[in-house]
Structures are given as C-alpha cells and as structure tokens.
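The numbers here are math on the coordinates, done by the rules we state, and not lab data. Because the structure is a prediction, the values reported are computed rather than measured. A quick note on method: Cβ atoms are made from the backbone with ideal geometry, for glycine too, and the neighbour counts reach across all protein chains shown.
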Amino acid sequence: MDSELVFHTNPRSRGAVVQWALEEIGCPYRTEILDYATTMKSPAYLAINPMGKVPAIRHGNQIVTEAAAICAYLAGAFPQANLLPRPGHEGAYFRWLFFAAACAEPAMMNRAAGWDPATPELQGRFGYGSYARAFDNLAAWLRGREYVAGPAFSAADIYVCSLLGFGMAFGMVDKRPEFEAYVALHEPRPAHRRAREITQRQAAA
C-alpha cells in the first residue's frame, strides 16, 4: 500500500495545528499549499474534502479532515512519536481534545464575531453553553496541570495549546494565568518552533 503522507494546507489556516503535529511525529510528508479562491475549490481537492477547506491529510488510502481528527489520527498512526495518552488517561485525552474542537473553538469564534448565547434558553441549544462557561471549564481543568491528559505531552496538548495561543494572540481568548502558563510551557517545544518557522516561510512566499 502507498504510505505517502500528503498534507493539504494554507499557511493562514488551522493547518498550523497539523503542521505542529507533523513536526512532532517526525515522519516524511509532502505539503500541498492551496489557495482559498482557486485550488481549494478545485474538483481535485473537493474530491478529498467536499467542504473545500483545509487542513486535510492523505496517508496511503486514508483521508482525514478536521484539525482535531488529524491530530488524533497521527498520534495513533505513529505511536513511536509518543503523542498518545499514557494508560489510564485516555478519557481526559479524548475529552479535552474534542472539547477544544467542539466547544471552546465555536465559543471563541462566535464571540469574536460579536455573538454569544445570552439567555439560558439559547445556551441550552449550544454544546458550549456560553463563552464564559466553556473557558471557565477549560481554565479550571488546566489550573495546576502541565498537560491536558496525565503526566505527559500528547496530541491533545497540540490542539489545546494551538487554540489558546492563537486565541490570546489575536484577542479572541481572554488572557488568564492558567492559559498563559500552559501556552508558555509548550510553545517552546522544538517541533512547535519548526512548525512556526515553516508556516511563516510559506506565508511570506
């Protein structure tokens, strides 16, 4: 089976999250940079992701879209990278990886767009409830912790740290001691630095 790993991205996208994950696993991969208005909407790419969005990966005959799902896939496909949770911490790993994707990010983006569910009735319709509820919950979990799940870095930390780092840098997430300490711990990782340099070079080009 063809095991080539192809990364479809744009440097100004959530692909930055996957770029970090790819640098953590250390496996050779080929990058295809797509333009929002043209190649990302081409028939060839829509066959990979009908949403016409990035990131996406193709690994052999496997296609994975959505940044959180790609992080989880890469952790399982390349166990030697030690991005899977330690035994006994799988629950926290999946909980917070997908909480960040399904609750924290929508809450952040809706608030940045000028809207937040204002009434209990509206909050009941949204998985995140409200921006405050989502980020209070995340802050409470991170308080006093170095990692999202157990005693070691995992793919969940890639996603959560990326979300918080981006959100705070652009004023979309309130800076809190828990968030700042957590991001400051993980952003210096060599793989994150390499990924950021790659993304910056691509954006400049």
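Points worth noting:
- Choice from ALA101, ALA139, ALA169 with maximal GNM fluctuation in the chain (Cα, 10 Å cutoff): ALA169
- Counting only DSSP H runs of at least 4 residues, each contributing -39500 (n - 2.57), and dividing by the residue count of the chain, the helix-based mean residue ellipticity at 222 nm comes to -14500 deg cm²/dmol.
- Annotation: extensible slack from ARG193 through GLU4 equals 65.6 nm (criterion: 0.36 nm per residue apart, minus Cα-Cα distance).
- Neighbour-count ranking [beta-carbon atoms within 10 angstrom, fewest first] of LEU185, LEU163: LEU185, LEU163
- Here is what passes the span test in the chain: the DSSP H helices with alpha carbon length of 18 Å or more along the helix axis and a Kyte-Doolittle mean of 1.0 or above are 155-169.
- Under the convention that each Lys and Arg Cβ holds +1 and each Asp and Glu Cβ holds -1, the size of the dipole of the chain around its Cα centre is about 160 debye.
- Chymotrypsin sites (Phe, Trp or Tyr not before Pro) within the range 93-184: DSSP coil, no more than 15 neighbouring Cβ in 10 Å: TRP115, PHE170
- For LEU22, LEU83, order by how many other beta-carbon atoms lie within 10 Å, fewest first: LEU83, LEU22
- The P(r) of the range 90-189 has a tail past 23 Å containing 21 percent of all C-alpha pairs.
- Binned Cα-Cα distance frequencies in the chain - 10 Å width, integer %: 9, 33, 36, 19, 3, 0
- Only beta bridges with both residues in the chain are counted; by DSSP, about 65 percent of them are antiparallel.
- Computed on the range 1-138, with alpha-carbon pairs under 8 angstrom and 6+ residues apart, the relative contact order is 21 percent.
- Spacing of the modelled spin labels on MET168 and ARG95, each 7 Å from Cα toward Cβ, amounts to 2.3 nm.
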